[in-house]
Amino acid sequence: MSRYGYLLSGLAGGLVVLVLGVVLIAADVIDTGDDTRTVVRQGPVSEPTSPAKAGGKTVADIYRTEGRGVVFVSARGVQEDPSLFGLPQEQEGTATGSGFLVDRDGTIITNAHVVEGSNDVTVSFDEGGEQIDAQVKGRDPSTDLAVLKVDPKKINGAPPVPLGDSDAAEVGDPVVAIGNPFGFTRTVTTGIVSAVAREIKAPNGFSISNVIQTDASINPGNSGGPLMDANGRVIAINSQIATGGGSGSVGIGFAIPINTAKRLLPQLRSGGEIERAYLGVVMSPVTGDIASDLNLPTEDGVLVTCVTKKGPADRAGLRGGRTGTATGIQAGGDLIVEVDGRRVSAPEEVSAAIDRHKPGDRIKVSYYRGNDRRTATVELGKRPADSAAGGCGSLTTEP
C-alpha cells in the first residue's frame, strides 16, 4: 500500500473513532465530567403518532389563530341549568357561555342550554369588545346544540374555526379548550382525550352518545366552546363536567362530538326542527350476574325496564319491568337481543339503531319474554320534547 493509501486509511479510521466517541458521549456511555445538558426548545402540542396526525401546532399558535374565532355568549331571560356543571339551580337571569364561528357569514355554534328560552342573545369577539346581537337560528336540546347568526360585517375579520373529525379522536390525543370560564374571557387550557364513546344526558333527559371525555380544565362558562386537536381543528363542543360532589372541575369533562354538530348544522342554521325516531323504552345493560340473578335466557341483550305508555314499543306489545330488585333494576321486562336483524348487547347500540331511522319507519325488534323468543314490528314515533313523557321518570337510557 502507498503512503497515501495509509494516510487515507488512517484518516478514515480516525473519523470512525471520532464519530463513535461523539455518539457514546451523547448517550452518556462516556463520562466527560461535564454536567452540562442540552435543553431542547418546546415542540408542538403533539408529537405525530401517525401520518394523519402529523404537523401539530403549539398551544400559542392555536390561541393566536383559531382562538380569534371563539366568542363570549350572553343570553338574557334564560332559565339556565348550571346543574350541568354541578352548581345549584339558578332563577331566571342571564346565562353566559362560549361559542365559535364556523362560517364567515356569521354562523356560530354553542350549547343549547346556554341560550335555551332566550331570544335576547349577544356575543363578543374581543375582551371588552362590542356586544353584537345574535339571532338564535335553531336549538336541539337532545344534543345540547344551538346555532346563532350575527351580522358578518361585525366579526372583525375573525376566521372561522376549522372543524375536524371526532370519529378519528383516540384516547391519549392532546386537546386544547378555549372558552370563558367564570367570565374569564378566552381562557385556554390543555389536556388529552381521556375516553371516547361516553354517554351523557342532554338537558331534556335523553342520551347523547359518542361523547368525548377530556381532562382539559373546563368550568361554568366553557359551555359551547371548542375542544380542539393538535392542529387547531374542533373535534367536540364542551358541554358538561363531573364534579365529584363539589362545585368545580375535577378533570372530567364531556364534549359533544363535532360530527354530530356537522350532521345537524344545515337544519339548525335554516331554523328547521330536528325530528328523531323514538322507540319509547328505558333500558338497562345486562351483566353475567344480572342474567343469573334474574334467570335470563342470555346475558347478550338489553333489559327493558320501562315502556312509555301509548308509545311505539307499548303499541307493539313490548313489556317493561314490574318488580324492583336489590340492585334497583326493574325485573320482569323483555330482553331485547336484535334490532333490524342486528344483535345488540348495550343500550347505546339500541339507541344507535333507532337513530338510523326517522319517525314513521317500521323496524323489527327481537326479544325474549322469559325463555320465549319473539319478534315485534314497531312503527317508530317522533321523539317528545322531554324524556319524562310517558311516566317512566328518570331514565337510564331511552331512544
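The values are calculated or read from the model by the stated rules, or taken from the named source; none is laboratory data. Values in this document were obtained by computation on a predicted structure and should not be read as measured data. Positions of Cβ are backbone-derived with ideal geometry, glycine not excepted, and every protein chain shown enters the neighbour counts.
Brief remarks on what is shown
- Selection count where residues are among the hydrophobic types (A, V, I, L, M, F, W, C), farther than 19 Å from Glu66 by Cα and more than 23 Å from the chain's Cα centre (by Cα), scope the stretch 103-125: 1
Let's see how each residue does on (1) surrounded by 20 or more Cβ atoms within 10 Å (Cβ to Cβ); (2) under 30 Å from Lys382 (Cα atoms); (3) of a type outside the set (Lys, Arg):
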site	(1), (2), (3)
Asp120	no, yes, yes
Glu127	no, no, yes
Val150	yes, no, yes
Asp165	no, yes, yes
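- In the stretch 110-125, of all residues being in a loop (DSSP other than H, G, I, E, B) and modelled with pLDDT under 95, the one that is nearest to Ser98 (Cα to Cα) corresponds to Phe125.
- Residues that are in a loop (DSSP other than H, G, I, E, B), within 29 Å of the chain's Cα centre (by Cα) and either of a type outside the set (S, T, N, Q) or surrounded by fewer than 14 Cβ atoms within 10 Å (Cβ to Cβ) (or both), drawn from the stretch 328-359: Gly328, Ile329, Asp340, Gly341, Val344, Ala346, Arg356, His357, Lys358, Pro359
- Within the stretch 333-343, one or more residues are on the phi > 0 side of the Ramachandran plot, touching a helix residue (DSSP H, G or I) at 6+ places or on another chain (Cβ under 7 Å) and not assigned by TED's automatic domain parsing to the domain that holds Gly205.
- For the stretch 384-399, the count of residues that are outside any loop (DSSP other than H, G, I, E, B), modelled with pLDDT under 95 and out of contact with any Cys (no Cβ under 9 Å at 6 or more places or on another chain) is zero.
- Out of Asp144, Asp215, sole residue that is within 30 Å of Cys392 (Cα to Cα), touching a strand residue (DSSP E or B) at 6+ places or on another chain (Cβ under 7 Å) and touching a residue at least 24 places away in the same chain (Cβ under 8 Å): Asp144
- Taken across the stretch 344-357, residues that are at pLDDT 90 or above and touching a helix residue (DSSP H, G or I) at 6+ places or on another chain (Cβ under 9 Å) do occur, with at least one present.
- Any hit, the stretch 189-212, residues being touching a residue at least 12 places away in the same chain (Cβ under 8 Å), in the same structural domain as Arg104 (by TED's automatic domain parsing), surrounded by 20 or more Cβ atoms within 10 Å (Cβ to Cβ) and more than 30 Å from Ala346 (Cα to Cα): yes
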